[in-house]
1. Taking 0.36 nm per residue of sequence separation and subtracting the Cα-Cα distance, how much length would be gained by fully extending the chain between residue 27 and residue 55, in nm to one decimal?
2. Modelled label-to-label distance, residue 40 and residue 84, 7 Å Cα→beta-carbon offset: nm?
3. Mind checking the full-extension length gain between residue 16 and residue 113? Use 0.36 nm per residue of separation minus the Cα-Cα distance, one decimal, nm.
4. How are the Cα pair distances of region 37-85 distributed, in percent, across 5 Å bins from 0?
5. If you wrap a convex hull around the Cα atoms of the chain, how much volume per residue is inside, in Å³?
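Computed from the coordinates by the stated procedures, all read-outs in this text should not be read as laboratory data. Note that the coordinates shown come from a computational prediction; the quantities given were computed from them, not determined experimentally. Glycine gets a Cβ as well: all are built from the backbone with ideal geometry, and neighbour counts include every protein chain shown.
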Amino acid sequence: MDDFWDDPIEVPPQGTIESELLRLSALLETRTNDIAVNAQRNAVADVAYKRTHAIALLEVDGRNAEEREARAHQQVLAEYEAKRISEALLVSAQEAARNIRAQLSSLQTLAANQRALVS
């Protein structure tokens, strides 16, 4: 919405508002697809981490459970990192979609108010 509305005091014309609503709607559709892709990647990374962690936990030696857990965790740091990155990307995609929805809502309110003034 950077170039959409240069002057915050002047209300943009109805056509400009409608064009921006259409642009944001298309962008939201793209972000919704991004969420689906990121959610799937997150699930794959989560399963990979849990599987490798469980295997490592069974294979490591240690004097007690805490030591075995620490050694197992040490062996699966790459999978843990991939899991955390995939979680962050999913949250980021979700937040982007929420922001677009908020912008759409604001524009819908502005359009409705402008229509009410014209009527």
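1. On the way: separation 28, 0.36 × 28 = 10.08 nm, distance 4.19 nm.
Net length gain for the segment: 5.9 nm.
2. Result for the modelled spin labels: 2.7 nm.
3. Details: separation 97, 0.36 × 97 = 34.92 nm, distance 1.44 nm.
Using 0.36 nm per residue and subtracting the Cα-Cα distance, I get 33.5 nm.
4. Over region 37-85, the share of Cα pairs per 5 Å bin runs 5, 25, 26, 18, 13, 8, 4, 1, 0 percent.
5. Working: hull volume 14.9 nm³, N = 119.
Cα convex hull per residue, to the nearest whole number: 125 Å³.
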